[in-house]
Amino acid sequence: MAEKKSSWDLAKGEQLRLKQEALLEEAAILFNHKGYSATSLEDIAERLNITKTAIYHYVKNKSDLLYQCYLRAMDATEECYEKADASGANGLEKIVHYLRLDADWISVRFSFRTLS
C-alpha cells in the first residue's frame, strides 16, 4: 500500500526543487559570465549565501553542475519542441511556433540557453 505524503513532505520537496533551480540558475549565470574554468564552487556558494559544502547536496562536483545546467537547457528545448509538435499545425507553422516558444524561454532564462 502506498504511503500518503503529508503537506509538510510536499513542501520540503518543493523547497528542494526551488533550491536546486536557484543553484542551476546562478551557476549558469557565472559560467556564462566568467567562464567555466574561472568559476569556482565558492563563487557560486557566495552568490547564493550558502556554503560550498551545501552545493554537494545537489551535485557531485563542478562538472556535474555544468552537466545539470546543460540538461536543464536541453529539457527546455524539448518542451518547446513537444508543444510546437502537438499544436496540430502544418510543418512551417510548427517551426514558427517552436521558434516563438524557444525565444520566449530564452528571454526569461537566457543564462541557461547560452550553455547549449
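Could you check region 22-42 and list, in sequence order, the residues that are within 18 Å of the chain's Cα centre (by Cα) and over 24 Å from ILE106 (Cβ atoms)? Full working, then the answer.
Taking region 22-42 first, the residues within 18 Å of the chain's Cα centre (by Cα) are 22-33, 35-36, 39, 41.
Residue satisfying the conditions is LEU41 alone.
Just the residues that are in a helix (DSSP H, G or I), surrounded by fewer than 12 Cβ atoms within 10 Å (Cβ to Cβ) and not β-branched (Val, Ile, Thr), please, taken from region 34-73. Full working, then the answer.
Going residue by residue through region 34-73, those that are in a helix (DSSP H, G or I) are 34, 41-48, 52-55, 62-73.
Now restrict to residues that are surrounded by fewer than 12 Cβ atoms within 10 Å (Cβ to Cβ): 42, 53, 63.
Selection gives GLU42, SER63.
Pairs needed: first member in region 63-80, basic (Lys, Arg); second member anywhere, at pLDDT below 90; C-beta distance under 7 Å; at least 6 residues apart or different chains.
Going by the 7 Å Cβ cut-off, the qualifying pairs are ARG72/PHE112.
Taking the conditions exactly as written (out of contact with any Ser or Thr (no Cβ under 9 Å at 6 or more places or on another chain), surrounded by 16 or more Cβ atoms within 10 Å (Cβ to Cβ) and of a type in the set (Gly, Ala, Ser)), does ALA84 satisfy them or not?
On the way: out of contact with any Ser or Thr (no Cβ under 9 Å at 6 or more places or on another chain): yes; surrounded by 16 or more Cβ atoms within 10 Å (Cβ to Cβ): yes; of a type in the set (Gly, Ala, Ser): yes.
The answer is yes for ALA84.
Residue under question is ALA76, and the condition is that it be assigned to a helix (DSSP H, G or I), surrounded by 14 or more Cβ atoms within 10 Å (Cβ to Cβ), at pLDDT 95 or above and not polar (S, T, N, Q); does it hold? Write out each step before concluding.
Working: assigned to a helix (DSSP H, G or I): yes; surrounded by 14 or more Cβ atoms within 10 Å (Cβ to Cβ): yes; at pLDDT 95 or above: no; not polar (S, T, N, Q): yes.
So ALA76 fails the test.
Out of ALA103, ALA22, report the one residue that is surrounded by fewer than 17 Cβ atoms within 10 Å (Cβ to Cβ) and modelled with pLDDT of 90 or more. Show your work before the answer.
Numbers: ALA103 fails: modelled with pLDDT of 90 or more.
Going through ALA103, ALA22 in turn, just one is surrounded by fewer than 17 Cβ atoms within 10 Å (Cβ to Cβ) and modelled with pLDDT of 90 or more: ALA22.
Cβ contacts < 7 Å: first residue closer than 16 Å to TYR70 by Cα, restricted to region 19-44; second residue of a type outside the set (A, V, I, L, M, F, W, C) and not in a helix (DSSP H, G or I), any location; separation 6+ or different chain. Result?
Going by the 7 Å Cβ cut-off, the qualifying pairs are GLN20/TYR58; LEU23/TYR58; LEU30/THR39; PHE31/THR39; ASN32/THR114.
The values are calculated or read from the model by the stated rules, or taken from the named source; none is laboratory data. The shown structure was predicted, so the numbers you read here are calculated from the model rather than taken from an experiment. For neighbour counting, all protein chains shown are included, and Cβ atoms are generated from backbone atoms with ideal geometry for every residue, glycine included.
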